[in-house]
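Encoded as structure tokens, the structure appears first; notes follow it.
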């Protein structure tokens with residue numbers, strides 16, 4: 001299912017620029033910088049995003065990049081689709097973003113065994129988001145956006161630990177590998193140009 005959604009987003013992103021070149025007056029560019037607070041199983045964290053693309057008939061297609069601080073620092077890049085709907089003279093939108101974490105980081109945690117620390121390293125992985133929000137007109141071409149979304153960051157965690165080897169009566173170092181999908185809720189504010 002996830003592969004189908006990513007494939008659909010890629011197709012939309014590739015098809016988007018074609019009509020823009022053919023009918024320049026119908027497609028308009030847009031830019032939305034955003035700042036957000038993320039709530040998950042860890043402490044409150046933040047992210048900063050920059051989204052850009054083209055828009056026609058309330059359909060916005062584009063790409064984005066983010067600085068995501070949830071649990072550790074990562075740099076997702078993604079394709080994004082937004083659809084603006086009007087409900088009782090209020091402009092609302094739904095959105096979906098799918099991409100990949102280009103770089104990820106590490107976290108140092110205290111170990112329960114012997115007062116040591118463990119350095120857990122995280123690799124890149126799939127990044128996705130589904131959400132919606134409200135658009136408030138500020139000026140002729142500028143809009144303030146508030147959004148709530150569910151964000152997913154899939155990563156692989158690796159760290160080394162020691163186990164006791166009973167054969168030669170000495171400790172042995174092993175590498176532990178875990179795969180995680182970190183889910184959280186993001187509250188964001190953006191400025192659409």
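Considering each residue of the range 67-92, count those that are part of a strand (DSSP E or B), surrounded by 19 or more Cβ atoms within 10 Å (Cβ to Cβ) and in contact (Cβ under 8 Å) with a residue 24 or more places away in the chain, and give that number.
So the answer is 7.
One line per residue, one yes/no per condition, for (1) within 30 Å of residue 65 (Cα to Cα); (2) more than 21 Å from the chain's Cα centre (by Cα):
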{"site": "107", "(1), (2)": "yes, no"}
{"site": "123", "(1), (2)": "yes, no"}
{"site": "130", "(1), (2)": "yes, no"}
{"site": "133", "(1), (2)": "yes, no"}
{"site": "139", "(1), (2)": "yes, yes"}
{"site": "145", "(1), (2)": "yes, no"}
{"site": "163", "(1), (2)": "no, yes"}
{"site": "187", "(1), (2)": "yes, no"}
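So which residues in the range 139-156 are surrounded by fewer than 18 Cβ atoms within 10 Å (Cβ to Cβ), farther than 30 Å from residue 41 by Cα and in contact (Cβ under 8 Å) with a residue 24 or more places away in the chain, if there are any at all?
Once the filter is applied, which keeps residues that are surrounded by fewer than 18 Cβ atoms within 10 Å (Cβ to Cβ), farther than 30 Å from residue 41 by Cα and in contact (Cβ under 8 Å) with a residue 24 or more places away in the chain, the range 139-156 yields 141, 142.
Given the conditions (1) closer than 21 Å to residue 146 by Cβ; (2) over 13 Å from the mean Cα position of the chain (by Cα); (3) at pLDDT below 90, report the number of the one that residue 25 does not fulfil.
Condition not satisfied by residue 25: (1).
Output the residues belonging to the range 94-104 that are part of a strand (DSSP E or B) and surrounded by 19 or more Cβ atoms within 10 Å (Cβ to Cβ).
95, 96, 97, 98, 99, 101 - these are the residues of the range 94-104 that are part of a strand (DSSP E or B) and surrounded by 19 or more Cβ atoms within 10 Å (Cβ to Cβ).
Does the range 47-66 hold any residues that are loosely packed, with under 14 Cβ neighbours inside 10 Å and touching a strand residue (DSSP E or B) at 6+ places or on another chain (Cβ under 6 Å), and which are they?
Result: 58, single match.
All but one of (1) at pLDDT 95 or above; (2) farther than 26 Å from residue 138 by Cα hold for residue 35, so report the exception by its number.
Evaluating residue 35 over (1) at pLDDT 95 or above; (2) farther than 26 Å from residue 138 by Cα leaves (2) as the failure.
Kindly check whether there is at least one residue in the range 113-129 that is in a strand (DSSP E or B), exposed (fewer than 15 other Cβ atoms within 10 Å of the Cβ), in contact with a strand residue (DSSP E or B) (Cβ under 8 Å, 6 or more places away or on another chain) and in contact (Cβ under 8 Å) with a residue 60 or more places away in the chain.
Within the range 113-129 (the criterion being in a strand (DSSP E or B), exposed (fewer than 15 other Cβ atoms within 10 Å of the Cβ), in contact with a strand residue (DSSP E or B) (Cβ under 8 Å, 6 or more places away or on another chain) and in contact (Cβ under 8 Å) with a residue 60 or more places away in the chain), the answer is no, since none of the residues qualifies.
The values are calculated or read from the model by the stated rules, or taken from the named source; none is laboratory data. The structure displayed is predicted, hence computed values, not measured ones. Don't worry about glycine lacking a Cβ; one is built from the backbone with ideal geometry, like all the others, and counts go over all protein chains shown.
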